[in-house]
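**Q** One structure is given below, represented as structure tokens, and several questions about it will come after.
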Amino acid sequence: QDRNLMYYLTVYNEPITQPAEPDNLDTNGIIKGIYKLAEAPEPGTKPRAQILASGVSVPWALEAQQILNEDWNIAADVWSVTSWNELRRDGLAAEEEAFLNPGQDPRTPFVTQQLAGAHGPVIAVSDYMKAVPDQIRQFIPNDFASLGADGFGFSDTRQAARRYFKNDTHSIVTKTLQLLAQRGEVDAQAPAQAIEKYRLLDVNAGTTGGAGGES
């Protein structure tokens, strides 16, 4: 069809165990940029949160989900983001359509549709800079925070680096507690307790990302 297209594949050099395919897999969400990977276990009346993760950070999010449930009695859903960029493009396209068609009902961005009815703050985590997940911030109706690897000049193990940049499993847990505390849904001291409990200020205490493949 003589279309001018470019395809690319992003590859990590870190081996991870791929999560099992969820029941009722949302293939449309995979293609468009986001799908729910794991429902919160036994949410009941617990405080709720939504963790959005991409690439190698997906296993960290799943581990954070478990810790939040077991240590803090918080129910977090985990979403796999297959493309922050695609979600951004779709959101901007929806805004452009609304701008050029005043008087018509605006189309809702796909990521906004996916998170409709999802309760609690959104924590978006990536092994890229925070600017990557921040691309979708304006399309998220919930409270929002991003975690990423901003900065340079730090060379150590992967576990130490993720702890240094505060985008590891326990940082996800602590950030979730912080947002929930701001909403009055958990004790105001919970974030400080988590920082101490998980030794968040100690880069040597990091445990996230030790699957091998060091470069």
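None of the figures in this text is laboratory data; all of them are computed from the coordinates on show. Every value quoted in this text rests on a predicted model; they were computed, and no experiment measured them. Note that each Cβ is placed from the backbone with ideal geometry, even for glycine, and that neighbours are counted across all protein chains shown.
**Q** Computed from the mean reciprocal separation of all distinct C-alpha pairs, what Kirkwood hydrodynamic radius does the chain have, in Å? Kindly include the intermediate steps, with their values, before the conclusion.
**A** Working: mean 1/r = 0.0549 Å⁻¹.
This gives a value of 18.2 Å.
**Q** Could you pull out the trypsin sites (Lys or Arg not before Pro) across the stretch 1-103 that fall in loop regions by DSSP (anything but H, G, I, E, B) with no more than 10 other Cβ atoms inside 10 Å?
**A** R3
**Q** Give me the distance in nm between label points sitting 7 Å out from Cα along the Cα-to-Cβ direction at R183 and R3, one decimal.
**A** A separation of 3.9 nm, rounded to one decimal place.
**Q** Next up: Report P(r) for the stretch 53-98: all Cα-Cα distances, bin width 10 Å, range 0 to the bin holding the largest distance, values in whole percent.
**A** 26, 32, 25, 15, 2
**Q** In the calculated pair distance distribution of the stretch 88-196, what percentage of Cα-Cα distances lie above 22 Å? Let's see the in-between values first.
**A** Working: 2689 of 5886 pairs.
So the pairs more than 22 Å apart make up 46 percent of the total in the stretch 88-196.
**Q** Ignoring the sites themselves, what is the longest stretch of the chain with no chymotrypsin sites (Phe, Trp or Tyr not before Pro) in a DSSP loop and at most 13 other beta-carbon atoms within 10 Å? Spell out each step's value before the answer.
**A** Numbers: sites that count: Y7, Y8, Y12, F152, F154.
It runs 13-151.
**Q** Find which of N4, H170, A64 sits farthest along the positive direction of the dipole of the chain, computed with +1 on the beta-carbon of Lys and Arg, -1 on that of Asp and Glu, about the Cα centre.
**A** H170
**Q** Turning to a different aspect of this structure: Contact order normalised by length for the stretch 130-204, with contacts defined as Cα pairs under 8 Å and 6 or more residues apart; what percent is it?
**A** Numbers: 62 pairs, mean separation 20.9, N = 75.
Computed value for the stretch 130-204: 28 percent relative contact order.
**Q** Sticking with this one: Charges at C-beta only: +1 for Lys and Arg, -1 for Asp and Glu. How large is the resulting dipole of the chain about its Cα centre, in Debye rounded to 20? Could you put the intermediate results ahead of the total?
**A** Values: 18 positive and 28 negative charges, 67 e Å.
Charge dipole of the chain: 320 debye, to the nearest 20.
**Q** A follow-up question, please. With a 10 Å cut-off between alpha carbons and a GNM built on the chain, which of A190, A76, A124 moves the most?
**A** Result: A190 has the largest fluctuation of those listed.
**Q** To continue, here is another question. Which percent, to the nearest 5, of DSSP beta bridges fully inside the stretch 27-156 are antiparallel? Let's see the in-between values first.
**A** On the way: 4 of 18 bridges.
Looking only at bridges with both residues in the stretch 27-156, the antiparallel portion is about 20 percent.
**Q** Here's another thing I want to ask about it. Given an 8 Å cut-off on Cα distances and at least 6 residues of separation, report the relative contact order of the chain as a percent. Walk me through the numbers on the way to the answer.
**A** Numbers: 357 pairs, mean separation 43.5, N = 215.
Computed value for the chain: 20 percent relative contact order.
**Q** Still on this structure, I have one more. Mind telling me which of K197, K130, K46 comes out most flexible in a GNM of the chain, alpha-carbon contacts under 10 Å?
**A** Highest fluctuation among the options: K197.
**Q** Additional query: What's the lysine pair count for the chain at a Cα cut-off below 26 Å, pairs eight or more apart or interchain?
**A** Lysine pairs meeting the criterion: 14.
**Q** Also, quick follow-up: Given the options V56, V81, V11, which has the most mean-square fluctuation in a GNM of the chain, springs set between C-alpha atoms less than 10 angstrom apart?
**A** For the chain, modelled as a Gaussian network with Cα springs under 10 Å, the answer is V11.
**Q** Take the alpha-carbon centre of the stretch 9-67, take the same for the stretch 105-142, and report the distance between them in whole Å.
**A** If we compute the Cα centre of each part, the gap is 14 Å.
**Q** Next up: Plugging the Kirkwood radius over Cα pairs into Stokes-Einstein for the stretch 1-117, at a temperature of 4 °C and a viscosity of 1.567 mPa s, what D comes out in µm²/s? Walk me through the intermediate numbers first.
**A** Values: Rh = 16.4 Å.
For these conditions, the coefficient is 79 µm²/s.
**Q** For the chain, what does -39500 (n - 2.57) per DSSP helix run (n ≥ 4), summed and divided by total residues, give at 222 nm, in deg cm²/dmol to the nearest 500?
**A** On the way: 7 runs with 74 residues, N = 215.
Computed ellipticity for the chain at 222 nm equals -10500 deg cm²/dmol.
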